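Let me begin by presenting the structure, written as C-alpha cells, before commenting on it.
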Amino acid sequence: MNRITTFSSSIDRRAFDSLKPPASLRRGFTLIETMLGCAFLVVATGLAVRVHQARSQFDRASLNRLSDSLLVENAGQRLSLIPDDELADAAERLSEELNLQIDVQSFELDGRKGQHLIVKTNSEANSAFHHAWRLEASP
C-alpha cells in the first residue's frame, strides 16, 4: 500500500511531516506581494511616461527655437544682399512672406549714413533676433 497517503502509525506521520519543506522555502507569491509588485510597476510606468513626455516637449521647444533662429539668420543674410535703395521694400515683402518683424532704422556715424536692420520672430515666448548694420558707401 501507499505509505505516503496512508498513515498506519504516528511515527510514519511525523516522518512525513519532516519531509515537507519549511515555511521559508515555500513557493509562489501571496496576493499582497502580487499587489505590491503591480503597484510598483504602475508607479514606475507613470514616472517613465512623464519623463518621456517632458523630454519630448523639451525637444520640440528646442527644435522650434532652432528653426526660428535659422529663419531669422536666413532673412538677415538675404537682406544683406539687397541694395540700399531697395531695402525698405524688400524688408516689407520679406516680412510678410516669412511672418517676421523687420525694422529698418536709419542712423549716422561720423558723418556717414547707415541703416540698422532688426529681424525678429513674431513668437513672444522664444524671440529670436538678428541685428545688421549697413553703412552707405563713401563718395
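Bear in mind that the values in this text are calculations on the coordinates, not laboratory data. Only a predicted model underlies this, so the values are computations on that prediction, with no experimental measurement involved. Positions of Cβ are generated from backbone atoms using ideal geometry, with glycine treated the same way; all protein chains shown enter the neighbour counts.
List the strands (runs of 3 or more DSSP E) inside region 54-139, counting only whole elements, that have at least 1 residues being of a type outside the set (Lys, Arg), without any contact (Cβ under 8 Å) to a residue 12 or more places away in the chain and surrounded by fewer than 12 Cβ atoms within 10 Å (Cβ to Cβ). Filter on region 54-139 gives 100-109. The set of residues from region 83-103 being more than 13 Å from Leu135 (Cα to Cα) and of a type outside the set (D, E, K, R) comprises Ala88, Ala90, Ala91, Leu94, Ser95, Leu98, Asn99, Leu100, Gln101, Ile102.
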